[in-house]
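A quick write-up on the structure given underneath.
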Amino acid sequence: MIRIILTAFILFPLFGINDLFAQSGTLATDGVYVPRMSTVQRNAITAPVNGQMIYNTNEECFNVFQNGDWQNLCGSGLEMTTSDDWTRKADLSTGRQYAVGFSIGDKGYIGTGVIQGSPINPTTSEFWEFNPATNVWTQKANFGGGVRRNAVGFAIGNKGYVGTGDGGTAGDDFWEYNPVTNIWTQKASVGGGNRVSAVGFSIGNKGYIGAGTNKEDFWEYDSTANAWTQKANVSGGARSGAVGFSIRNKGYIGTGINGSTRKADFREYDPKTDTWSQKADFAGNARSHAVGFSIGGKGYVGTGTDGTARNDMWEYNAGNDTWTKKSNFGHPSSARIEGVGFAIGNKGYVGTGNNGGYMYDFWEYNPNLTNMIISGDVNVGGKVNRPIPNFIGGVLQNNWVHLNNGYSTIGYYKDNESVVHLKGMIKDGTAVKNAVIFSLPTGYRPAEIKVFAVPSGEGTFGRIDVLPNGNVQFYSGVNTFLSLDGISFRTAD
């Protein structure tokens with residue numbers, strides 16, 4: 001989907017202060033006031049000049065004289081609207097459910113859970129970092145508490161925290177992750193004993209964990225003192241598989257399941273008064289194992305199960321205590337339970353989970369796309385510029401090196417139409433059929449094998465293949481030099 005946002009600037013000449021006042025306009029410290037007049041008064045102006053502007057009180061619109069006639073600047077029927085949209089990003093390497101996720105600064109993190117693999121669907125301690133600027137996942141140090149599922153994760157400042165959950169048995173251990181050193185450090189255990197499928201969030205420099213299977217207690221973590229303090233129980237009773245997030249200085253917990261009863265209630269926690277307030281029920285069906293995150297002053301809850309896996313997404317406005325239906329998560333087959341959600345800046349991110357199989361896809365949510373609807377004729381002078389992403393460097397394999405001497409180095413990027421572009425002049429590598437030159441990450445790969453004729457040596461050509469697994473492979477040619485400049489293809493997404 002392509003969205004073009006045009007910003008229109010109205011430029012009119014001020015040939016001098018005398019010319020300005022000759023039009024009976026006013027120049028003030030807070031702006032320029034053009035003459036206000038009716039259509040009759042406008043038409044009575046003798047010898048108007050190109051660029052002359054008035055405000056037409058009949059039309060309630062600016063008029064400008066151009067090419068021998070008065071032009072109505074409101075006649076194009078301009079309407080600005082906002083919408084939301086989902087964009088698929090790089091997949092995780094392995095499908096998983098029951099994982100945890102949080103964001104620190106401009107990076108996101110997903111880890112632990114049950115993964116698709118051998119032995120059959122093992123619980124894992126893997127932890128991964130997502131960089132939205134490069135759309136790349138990087139494996140980090142495994143979670144310090146060992147294999148884990150149904151844990152709780154959140155961030156406080158520049159540190160991440162993960163605790164409780166099931167590592168073979170229910171636990172209450174709690175760990176801090178430092179992204180700078182890539183080290184996990186065990187902290188004070190969560191109060192209230194072992195728990196599974198609990199819920200948590202952070203407010204300022206405090207973290208909160210509560211509820212879980214057969215539990216309704218609620219605890220506050222002071223990261224400075226490394227201590228837990230019991231707070232007022234989560235109102236609405238025991239629940240597991242709930243969602244939690246914070247908006248400014250308040251926390252929110254809702255949905256979940258207790259026994260066989262799924263919940264739709266939604267509660268607000270005020271840490272200053274240590275009290276819970278019931279808010280408007282979640283507007284989707286009562287459910288459990290959904291995802292929740294917040295962006296600015298809004299909360300978002302979606303996916304999960306009401307007996308059937310769902311992909312709907314809802315926005316909560318804390319200011320007026322209302323829910324609004326938003327665009328469904330992902331694509332029509334993206335329904336899931338037990339996924340992960342978090343926000344980075346003004347974007348939301350949702351991925352992983354299960355719907356008859358372990359899911360590894362990952363999506364970015366933009367809640368505030370601006371759309372321009374124009375009716376009538378529009379003349380645009382100049383050109384519309386759309387930023388081109390920076391190239392991402394690749395890692396050369398099989399003894400290939402850069403040609404250098406001012407020639408381009410290996411790189412790739414994906415444009416707004418999901419077309420991947422390659423570049424680079426290389427030499428001296430293994431010039432045998434199917435030798436890998438470098439590999440493209442998930443999200444930058446074609447759906448089928450792509451074959452390209454490329455310059456290879458003086459006055460000759462070779463062949464390069466790009467495979468659905470991401471391998472960019474030598475097929476034929478020589479290794480005196482090989483050019484990847486100009487190779488482009490549409491991705492599988």
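The values are calculated or read from the model by the stated rules, or taken from the named source; none is laboratory data. Treat the numbers as computed from the prediction; the structure is a model and nothing was measured. Note that we place each Cβ from the backbone using ideal geometry, even for glycine, and neighbour counts take in every protein chain shown.
Data table
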| quantity | calculated |
| --- | --- |
| Any strands (runs of 3 or more DSSP E) falling wholly within the stretch 178-290 and containing at least 3 residues that are under 24 Å from residue 99 (Cβ atoms) | 183-187, 199-203, 206-210, 218-222, 243-247, 250-254 |
| Residue within the stretch 445-463 that is touching a residue at least 24 places away in the same chain (Cβ under 8 Å), surrounded by 17 or more Cβ atoms within 10 Å (Cβ to Cβ) and under 22 Å from residue 132 (Cβ atoms) present | yes |
| Flag for residue 180 being touching a Pro at 6+ places or on another chain (Cβ under 9 Å), surrounded by fewer than 18 Cβ atoms within 10 Å (Cβ to Cβ) and among the hydrophobic types (A, V, I, L, M, F, W, C) | no |
| Some residue of the stretch 109-125 being in contact with a Phe, Trp or Tyr (Cβ under 9 Å, 6 or more places away or on another chain), buried (at least 20 other Cβ atoms within 10 Å of the Cβ), farther than 27 Å from residue 247 by Cα and in contact (Cβ under 8 Å) with a residue 40 or more places away in the chain | yes |
| Tally of residues being buried (at least 17 other Cβ atoms within 10 Å of the Cβ) and either charged (D, E, K, R) or outside any strand (DSSP E or B) (or both) across the stretch 409-426 | 4 |
| Flag if residue 253 is under 28 Å from the mean Cα position of the chain (by Cα), in the same structural domain as residue 348 (by TED's automatic domain parsing), under 16 Å from residue 291 (Cβ atoms) and of a type in the set (A, V, I, L, M) | yes |
| Members of the stretch 291-310 that are part of a loop (DSSP other than H, G, I, E, B) and crowded, with 20+ Cβ neighbours inside 10 Å | 303, 304 |
| Meets criteria (surrounded by fewer than 18 Cβ atoms within 10 Å (Cβ to Cβ) and in contact (Cβ under 8 Å) with a residue 60 or more places away in the chain) for residue 485 | yes |
| Test: residue 442 is on the phi < 0 side of the Ramachandran plot, without any contact (Cβ under 8 Å) to a residue 24 or more places away in the chain and surrounded by 14 or more Cβ atoms within 10 Å (Cβ to Cβ) | no |
| Selection within the stretch 214-263 - on the phi > 0 side of the Ramachandran plot and buried (at least 24 other Cβ atoms within 10 Å of the Cβ) | 241, 255, 256 |
| Top-ranked residue of the stretch 55-87 - restricted to ones that are within 20 Å of the chain's Cα centre (by Cα) and farther than 30 Å from residue 198 by Cβ, ranked as modelled with the lowest pLDDT | 82 |
| Tally, over the stretch 112-151, of residues that are closer than 11 Å to residue 175 by Cβ and assigned to a strand (DSSP E or B) | 1 |
| Given (1) of a type in the set (Phe, Trp, Tyr); (2) within 21 Å of residue 477 (Cα to Cα); (3) modelled with pLDDT of 95 or more, index of the condition residue 342 fails | (2) |
